[in-house]
Amino acid sequence: MKKRKIILDCDPGHDDAIAILLAGKNPIFDLLGITVASGNQTLAKTGRNALNLVQYLELDVPVCLGAVNPIIKEVEVCEAIHGESGLDGFDFPPLEIDFDKRNAMEFMIEEILKSKEKVTMITTGPMTNLGLALRIEPKIIENIEEIVLMGGSYQNGNVTPAAEFNIYCDPEAAYICFNSGVKVTMVGLDVTRKVKVFSHIIDRMEKINNNGSDLFVKLMRVFNENQKKVFGFDGSPLHDPVTIGYLINPDLLEIQHVHCDIDISHGTSYGRTNCDIFDFLELERNTYIAKDIDEEMFWDMIEEALKRY
Ligand code: RIB
Ligand code: CA
């Protein structure tokens, strides 16, 4: 069966790490590369975390650094949740690999234009790199199968009442992506908050007892400690891997096609993904949003992926 070509743009980040793990050795994917954004931490830290993950998980994929800053805003990291390193909780062995010489935008443009099949773009951090790539070389639009992003919410946010972190970090980049004409599937907080890494999930994955489960258990324990402090959650919402799970089996999510407008007005709703789920405005439907998730299927996917490492 033909593999689906994907590029994963991320800001590792505890949940980004599980997205990389879920995609990394799944035989249905041809993971062309991992590109890195600032977000959960500065680019220097998210970049190093991506290299550490690729080396530890023994993935033979290039890692490309993206833009240091969002298009308009300044970087706003999320140290309270992901820690000083951006991936607190796991001691990686000394790094022996380095970044690809191309930056994220160069990599995306080159790989998309040369691919004989359309490429699926997955973003699990601020959308800066993809937004810039779309502006630098619009020709890539015709060879992108779909943009699947973790971000936004048709309900409330997690950094302001209105906005979710990935969109809020770079609303202008999200605006470019959502209005590019490429099919956009938005995996928002509405569903990712339903897959929380409760202690019984950690116990279940710990029984696998391999390199993958060791990484999962140690990272998730720290992720949970921080989410408890900040949000009072008993289990962390495992946001980012839901994008990969959707590509493994679209039945994972209940999807609705709506008009979605990214608020770039700099008001109190700056960075909000305004999803017209009742079609009040009767505008062109430009986004497929996730409305519900099969939690049991999701955790089975995570368990199956961990067993590959
Ligand atoms: O709002 C959740 C998102 O912000 C996730 O991608 C998490 O990794 C952070 O980047
Ligand atoms: Ca992320």
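The values are calculated or read from the model by the stated rules, or taken from the named source; none is laboratory data. As the structure is a prediction and not an experimental result, all values here were calculated from the model. Glycine gets a Cβ as well: all are built from the backbone with ideal geometry, and neighbour counts include every protein chain shown. For accessibility, only protein heavy atoms count, side chains too; no ligands or nucleic acids. Shrake-Rupley method; radii C 1.70, N 1.55, O 1.52, S 1.80 Å.
So is Y288 in contact with a helix residue (DSSP H, G or I) (Cβ under 8 Å, 6 or more places away or on another chain) and either outside any helix (DSSP H, G or I) or acidic (D, E) (or both) or not?
Spelling it out, it is not the case that Y288 is in contact with a helix residue (DSSP H, G or I) (Cβ under 8 Å, 6 or more places away or on another chain) and either outside any helix (DSSP H, G or I) or acidic (D, E) (or both).
Could you list, ordered by first residue, the pairs with Cβ atoms under 8 Å in which the first is in region 100-115 and under 10 Å from N143 (Cα atoms) and open to solvent by 40 Å² or more (accessible area, probe 1.4 Å) and the second is among the polar types (S, T, N, Q) and in a helix (DSSP H, G or I), at least 6 apart or interchain?
These pairs meet every condition: L113/N143.
Being open to solvent by 10 Å² or more (accessible area, probe 1.4 Å) and either charged (D, E, K, R) or in contact with an Asp or Glu (Cβ under 9 Å, 6 or more places away or on another chain) (or both) is the filter here; which residues of region 16-30 pass it?
G24, K25, N26, D30
Has region 232-240 got at least one residue that is hydrophobic (A, V, I, L, M, F, W, C), open to solvent by 40 Å² or more (accessible area, probe 1.4 Å), under 19 Å from I293 (Cβ atoms) and more than 18 Å from the chain's Cα centre (by Cα)?
Yes, there is a match, as at least one residue in region 232-240 is hydrophobic (A, V, I, L, M, F, W, C), open to solvent by 40 Å² or more (accessible area, probe 1.4 Å), under 19 Å from I293 (Cβ atoms) and more than 18 Å from the chain's Cα centre (by Cα).
Find the residue count for region 7-50, including only residues that are of a type in the set (A, V, I, L, M, F, W, C) and away from ligand 2 (no atom under 16 Å from the Cβ).
Number satisfying all stated conditions: 5.
Regarding A133, is this residue in contact with a helix residue (DSSP H, G or I) (Cβ under 6 Å, 6 or more places away or on another chain), in a helix (DSSP H, G or I) and closer than 19 Å to T268 by Cα?
So A133 fails the test.
Between a first residue in region 34-45 that is open to solvent by 20 Å² or more (accessible area, probe 1.4 Å) and a second residue that is within 11 Å of ligand 2 (Cβ to nearest atom) and assigned to a loop (DSSP other than H, G, I, E, B), which pairs have beta carbons less than 6 Å apart while being 6 or more apart in sequence or on different chains?
K45/G86
Name the residues in region 128-161 that are aliphatic (A, V, I, L, M) and within 13 Å of ligand 1 (Cβ to nearest atom), would you?
Initial filter on region 128-161 (aliphatic (A, V, I, L, M)): 130, 132-134, 136, 140-141, 144, 147-150, 159.
Selection gives V148, L149, M150, V159.
From (1) closer than 16 Å to D9 by Cβ; (2) more than 15 Å from ligand 2 (Cβ to nearest atom); (3) in a helix (DSSP H, G or I), pick out the condition that doesn't hold for K139.
Checking K139 against (1) closer than 16 Å to D9 by Cβ; (2) more than 15 Å from ligand 2 (Cβ to nearest atom); (3) in a helix (DSSP H, G or I), the one that fails is (1).
So that you can scan it fast, the table gives a plain yes or no per residue for (1) hydroxyl-bearing (S, T, Y); (2) without any contact (Cβ under 8 Å) to a residue 24 or more places away in the chain; (3) in a helix (DSSP H, G or I):
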| position | (1), (2), (3) |
| --- | --- |
| L149 | no, no, no |
| N156 | no, no, no |
| Y168 | yes, no, yes |
| I176 | no, no, yes |
| V182 | no, no, no |
| D190 | no, no, yes |
| K194 | no, no, no |
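Given the structure, is G125 under 23 Å from T46 (Cβ atoms), touching a Ser or Thr at 6+ places or on another chain (Cβ under 7 Å) and either at pLDDT below 95 or assigned to a loop (DSSP other than H, G, I, E, B) (or both)?
no
Out of all the residues in region 194-217, which are buried (at least 16 other Cβ atoms within 10 Å of the Cβ) and hydroxyl-bearing (S, T, Y)?
S213
Pick from N69, N52: which is open to solvent by less than 30 Å² (accessible area, probe 1.4 Å), more than 13 Å from ligand 1 (Cβ to nearest atom), over 17 Å from the mean Cα position of the chain (by Cα) and of a type in the set (S, T, N, Q)?
On the way: N69 fails: open to solvent by less than 30 Å² (accessible area, probe 1.4 Å).
Exactly one residue qualifies, and that residue is N52.
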